[in-house]
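Visitor: Okay, handing you the structure first.
None of the figures in this text is laboratory data; all of them are computed from the coordinates on show. The structure presented is a predicted model; accordingly, all values stated were derived computationally and were not measured. When we count neighbours, we look across all protein chains shown, and the Cβ atoms used for this are built from the backbone with ideal geometry, even at glycine.
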Amino acid sequence: KYPPNDSEKRYVFRYGHFLGYLEPVDGANYVVDVSRAVLRVLPGLFQDGLILDSADFVSRLAEKLPLLDRGTYQNQIRDQVRNGQPLSLEENTFSRALSLALERLRLSSRIALEPQADDPNAFSLRVAEQRRLVSRVELLN
């Protein structure tokens with residue numbers, strides 16, 4: 001039964017907040033913000049060094065947080081939503097949820113997002129209707 005009924009919604013929202021996928025806006029409303037979830041797994045992503053190219057970052061993040069970009073749960077949900085219809089996904093583009101999280105982590109000096117000139121594998125970061133290319137993600141502090 002989808003979506004949850006009103007008596008179940010508060011538990012879904014609270015659990016989403018607990019997991020770090022939702023943030024409360026006021027007493028009754030939440031917004032999707034995966035910053036806390038991403039922050040929690042960052043150290044495990046960078047075990048080989050402090051810098052990852054964008055594709056490796058997304059791949060490793062998908063293993064730790066399968067609801068996010070290219071994760072197994074996200075792929076299963078996408079398959080169910082499209083119901084046999086083609087669903088266009090932009091290659092090398094961070095989702096809006098992950099873009100917001102990465103931008104918030106950059107602004108809080110947890111990570112650096114570095115472009116490299118003429119990088120054909122750079123990912124597009126989308127925040128507030130603006131796009132910026134990201135070739136590498138660096139763990140700070």
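Visitor: Please compute one quarter of the surface area of the Cα convex hull for the stretch 88-141 and express it in square nanometres.
Guide: 3.9
Visitor: Using label points projected 7 Å from each Cα along Cα→Cβ, tell me how many nm separate Leu67 and Val25, to one decimal.
Guide: In this crude spin-label approximation the distance works out to 1.8 nm.
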